[in-house]
1. What residues qualify as long-range amide H neighbours of F67, i.e. H under 5 Å apart, gap of 5 or more or another chain, H built at 1.01 Å from N?
2. Give me a comma-separated list of calculated 3J(HN,Hα) values for region 51-60, in order, Karplus coefficients 6.51, -1.76, 1.60 applied at θ = phi - 60°, integers in Hz, x for any Gly or Pro.
3. Spelling out what I want: for every residue of region 12-22, take phi, set θ = phi - 60°, compute 6.51 cos²θ - 1.76 cosθ + 1.60 (Karplus), and round to whole Hz; glycine and proline get x.
4. Work out from phi, with θ = phi - 60° and the Karplus expression 6.51 cos²θ - 1.76 cosθ + 1.60, the ³J(HN,Hα) of each residue of region 34-50, listed in order in whole Hz, and give x for Gly and Pro.
5. If each of E45 and T158 carries a label point 7 Å out from its Cα toward its Cβ, how far apart are those two points in nm?
6. Using Cα atoms only, what is the angle between the long axis of helix 108-121 and the major principal axis of the chain, expressed in degrees (0 to 90) to the nearest 10?
7. What is the Rg over Rh value, at two decimals, for the chain, using alpha-carbon atoms and the Kirkwood definition of Rh?
8. Give the dimensionless ratio obtained when the Cα radius of gyration of region 83-162 is divided by 2.2 N^0.38 Å.
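We did not get these values from a lab; they are worked out from the coordinates using the rules stated. This one's a predicted model, so the numbers in the text were calculated from it and none came from an experiment. A quick note on method: Cβ atoms are made from the backbone with ideal geometry, for glycine too, and the neighbour counts reach across all protein chains shown.
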Amino acid sequence: MPSSLVTVEIQVNGVSHAKAIEPRTTLVDFLRDHLLLTGTHVGCEHGVCGACSVLLEGDPVRSCCMFAVQADGMSITTVEGLAPERGSLSKIQDAFCESHALQCGYCTSGMLVACHALVAQTPQPDETQIRDAIGGNLCRCTGYQQIVNAVKLATSPTLEARQPTQPQGREAAVAGASDD
């Protein structure tokens, strides 16, 4: 017997979405299956890997560990919403490309979300703060140092005037292209 549907209204990347869903729909499934925002990856489905991280009211959360109904009336930012405008990269996204902080790309969306949250609270974090912020995200390819270097590059006071670049090729995936 199918469960009854509930309507949720969630603002995602600045756009309000009202959808009828099953109450058991996880937030990651809502984003990927109902809104077709596939930049948020499904990894372990236990909240361990961080690939599904999104910003909920500005704070990073694991979208596989919460139901979409819990986010009703709230604001979510996914990796697709981190760039200042479609077709451009944020400073952190650009720095990830410049520092080779993405390899297979699976953890990249969660890492970017964690780094954006860190920089929003601490504009010039030190290495310990960066490592602490990304500590809940698993990466099997980079060894983390390139990610730390990317955050340092993005937050360097000498690069404040640096403009984000237009994504091309592989970098387009970092800008929020659907990269399952």
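1. Placed amide hydrogens put L27 under 5 Å from F67.
2. In residue order, the calculated couplings are 4, 9, 5, 9, 9, 10, 6, x, 10, x Hz.
3. Each residue's phi maps through the Karplus curve to give 10, 6, x, 10, 7, 10, 10, 9, 8, 9, 6 Hz.
4. After applying 6.51 cos²θ - 1.76 cosθ + 1.60, I find 8, 9, 6, 9, 8, x, 7, 8, 9, x, 7, 6, 10, x, 9, 8, x Hz.
5. Rounded to a tenth, the inter-label distance reads 4.8 nm.
6. 70 degrees
7. Taking Rg over the Kirkwood Rh, I get 0.98.
8. For region 83-162, the normalised Cα radius of gyration comes out at 0.99.
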